[in-house]
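Please treat every number below as a calculation from the coordinates, not as lab data. Just so it is clear, the structure is predicted and the values come from calculations on it, not from any experiment. In this analysis, Cβ positions are derived from the backbone assuming ideal geometry, glycine residues included, and neighbour counts consider all displayed protein chains.
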Amino acid sequence: MWTSQQPGEPPDRRPPAGMSHGRGNVAAPSPPVRLRASGITKRFGRREVLSGVNLEVHAGEVAAVVGANGAGKSTFLKICAGLISPNSGQVEVQGSIGYCPQAGGTFDFLRPDEHFILFGRGNGLKRDVARSRGREMAAGLGWSPDPKVQARHLSGGTRQKLNVILAVLGGHDILLLDEPYQGFDRGTYTDFWEVIWRLRDTGRTIVVITHMLNAMDRVDQVLDLTPTGSERNR
Ligand SMILES: Nc1ncnc2c1ncn2[C@@H]1O[C@H](COP(=O)(O)OP(=O)(O)OP(=O)(O)O)[C@@H](O)[C@H]1O
Ligand SMILES: [Mg+2]
């Protein structure tokens, strides 16, 4: 399903991602697939957490992964990121990956600027560029980092802003975000989606794990990992 909606906008007002405007009946070629997960199955011991899961996301699309606690969402994202292997199935990736883990992802004893520089340098950015890009993104989430405060002293929501920024900072083609707005206040949640929409419009491929149903109308497709029938209560 390749529908594309803006918040508060009827589904048919906006063309599918990557389609051109105002060129008569000539449609632009479909944007390339950046992430394709096919038949992903994962077992931990004798327990099958994922059973033949498929997901295909193009450039300029946002996919949401939903499902109950323990449904295998984080496991699936880790497999997409190449952090763990599936028992069967494969993941094909076109481009570089930025990954925001569900927990952790920041360093207690580093300051926000030091995070920006560390992750930015690791992605080929110059020191000053990395710091200013990190600060720009922080401002986009309503945060002005105190240069003296270490990450361990940040509030939970602010630390999560840092976590999200680190995934996005490198300018990667594919962003895999595992419950990225945990602890965000309402304003930051809105700001976050603004950031995602801007990234989407620049052709990024974004996969977001989410529990918030009101996010659903802002994405191009939804992968629901909720187990069905006999798979429940596992
Ligand atoms: N390394 C592991 N070893 C054994 N079991 C694991 C491992 N990682 C995850 N699991 C199990 O796999 C299941 C799916 O875990 P996962 O973290 O992917 O769920 P989730 O959908 O992200 O849940 P939540 O909404 O709580 O974040 C859980 O039952 C979990 O305990
Ligand atoms: Mg999870």
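Based on C-alpha pairs under 8 angstrom that are at least 6 apart in sequence, segment 103-171 has a relative contact order of 45 percent. Peptides 83-93, 124-134 ranked from most to least packed by the mean count of surrounding Cβ atoms within 10 Å: 124-134, 83-93.
As a rough footprinting exposure proxy, the listed residues Glu179, Glu56 were ranked by other beta carbons within 10 Å of their own, and the order from fewest upward is Glu56, Glu179.
From largest to smallest, the equivalent ellipsoid semi-axes obtained for segment 103-171 from the alpha-carbon gyration tensor read 17, 12, 11 Å. Ignoring aspartates and glutamates fewer than eight residues from Lys42 along the same chain, the ones with Cα atoms less than 15 angstrom from its Cα are Glu231.
Take 152-165, 33-46 and order them by the average number of nearby Cβ atoms within 10 Å per residue, most first; the result is 152-165, 33-46. Taking a point 7 Å out from the Cα of Gln102 in the direction of its Cβ, the residues of segment 39-74 whose backbone N falls within less than 12 Å of it are 66-74. Each part reduced to its alpha carbon centroid, segment 130-195 and segment 49-76 end up 23 Å apart.
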